[in-house]
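The values are calculated or read from the model by the stated rules, or taken from the named source; none is laboratory data. Predicted model, so just to flag it, every value in this text is computed and none were measured. In this analysis, Cβ positions are derived from the backbone assuming ideal geometry, glycine residues included, and neighbour counts consider all displayed protein chains. Side chains included, ligands, DNA and RNA excluded: accessible areas come from the protein's heavy atoms. Shrake-Rupley method; radii C 1.70, N 1.55, O 1.52, S 1.80 Å.
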Amino acid sequence: MTHGKRHRARNALTASLALLAMGSVAACGAADPAEEPGERPLVGVAMPTTTSERWIGDGENVQDQLQALGYDVALEYAENDVPTQVAQLEQMIADGADALVIGSIDGVALKGVLAEAAAADIPVIAYDRLIRESPDVDYYATFDNARVGVQQATQLLQGLGVLDAAGEPTGQTGPFNVELFAGSPDDNNATVFYSGAMQVLQPYLDSGVLTVPSGETDFATIAIQAWDPKNATTRMNALLPLYAGQRLDGVLSPYDGISLAIIEATKTIGYGTAQPLPVVTGQDAELASAQSIAAGEQYGTVYKDTRQLAEVAVSMVRALLDGAEPETNDITSYDNGVKVVPSYLLTPQVVTGQNYRQVLVAGGYYTAEELG
Ligand code: BGC
């Protein structure tokens, strides 16, 4: 029952955060827990999918922290289906939600429903993913997404030995054969991760330290629709014939589910047995990838603590419901096409075989037993 354990570990921390937050409840005017249901503020939380573990953690953490403040919560998952997410948001508005926290599926598809929210004076917080082309997004809680891309690319170069642990060039010139994967084209984050990564990789592609045997480097060609591991398997399988006579040294992968699909595909042609696995990056520190890193298969990931992100979003909700201004730390980076959305960016963290115990286990995200 590894699942249960992880949630217990998370809930324990969530509870202590919530207690801390409760210390200032009176001063900040959060809901009175004695209020009858229906009198308490209602917060709608719309999350994209339960097919990836991180979003389950996000939804639970946001819900637990909001409930600890005495709010009612409507938490919904849309299983990556845009009309479902729109319908869920419409229902939340009809139910009298006082604020919406939205992890969107398609960044440009929510304009209409957000206009309905604005007409009903419901503040909207974009959660993790920027909602684009709408004036009705009030705040954005996320990680520094450009930095995620930089970290992924740096990790790839470190795994190949081109950069050392401090990020300095080792003088190793390869050439190394790599393939590049990007996230879903409808998710604004995917392009931000890609540009961050390419900023680091481009000089090495230009100088020939890295070569991409497929020749596929532009975003549209390497993007994986819906971040779906099945789509990554299809693309990787299509690339494998290129590696009949040469080695695949590394793969830039934008997300753990995709990373594991890539690793499995390379195993079918002898990687991991006849020759070492390629260096494969990732994102989210999902359990299966953390286990793969601990077992020496996936090279690394970028860890984004969903407990912290939930805390940021929840404190934004609380400020808005108290008539106060949410704290932000970036008011320039996230132009959604209509406005620059005031944001709070958290710092993502690189995790590899060298530091996963320290970061993920000592940090209480997973237990040592879960990681094997
Ligand atoms: C998130 C990533 C996640 C990806 C796939 C992105 O929007 O920022 O953390 O890996 O979606 O779920």
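Odds and ends about this structure:
Residues checked against (1) within 22 Å of M236 (Cβ to Cβ); (2) modelled with pLDDT under 95; (3) of a type outside the set (S, T, Y):
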residue: A274; (1), (2), (3): yes, yes, yes
residue: D284; (1), (2), (3): yes, no, yes
residue: G296; (1), (2), (3): yes, no, yes
residue: R307; (1), (2), (3): no, yes, yes
residue: A324; (1), (2), (3): no, no, yes
residue: T328; (1), (2), (3): no, no, no
residue: I331; (1), (2), (3): no, no, yes
residue: Y334; (1), (2), (3): no, no, no
residue: L345; (1), (2), (3): no, no, yes
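- Any hit, the stretch 230-246, residues being buried (at least 20 other Cβ atoms within 10 Å of the Cβ), over 28 Å from A274 (Cα atoms), within 16 Å of the ligand (Cβ to nearest atom) and at pLDDT 95 or above: no
- As a summary of the residue check, T367 satisfies the conditions (1) touching a helix residue (DSSP H, G or I) at 6+ places or on another chain (Cβ under 8 Å); (2) β-branched (V, I, T); (3) within 27 Å of L180 (Cα to Cα) except for the one numbered (3).
- Near pairs, Cβ below 8 angstrom, 6+ apart or cross-chain, from the stretch 169-192 (under 19 Å from I105 (Cβ atoms)) to any residue that is open to solvent by 30 Å² or more (accessible area, probe 1.4 Å) and basic (K, R): N188/R132
- For T217: the one exception among (1) open to solvent by 10 Å² or more (accessible area, probe 1.4 Å); (2) among the β-branched types (V, I, T); (3) within 14 Å of the ligand (Cβ to nearest atom): (3)
- The requirement of being over 18 Å from V317 (Cβ atoms), part of a loop (DSSP other than H, G, I, E, B), modelled with pLDDT of 95 or more and touching a strand residue (DSSP E or B) at 6+ places or on another chain (Cβ under 6 Å) is fulfilled somewhere in the stretch 50-64, by at least one residue.
- Applying the condition of being within 16 Å of the ligand (Cβ to nearest atom) and of a type outside the set (A, V, I, L, M) to the stretch 308-337 and asking which residue is least open to solvent (accessible area, probe 1.4 Å) yields N336.
- Tally of residues being more than 13 Å from the ligand (Cβ to nearest atom) and assigned to a strand (DSSP E or B) across the stretch 249-307: 8
- Long-range neighbours under 7 Å by Cβ, at least six apart or interchain, first residue near the ligand (Cβ under 9 Å from one of its atoms) within the stretch 43-59, second small (G, A, S) and open to solvent by 10 Å² or more (accessible area, probe 1.4 Å): S52/G257
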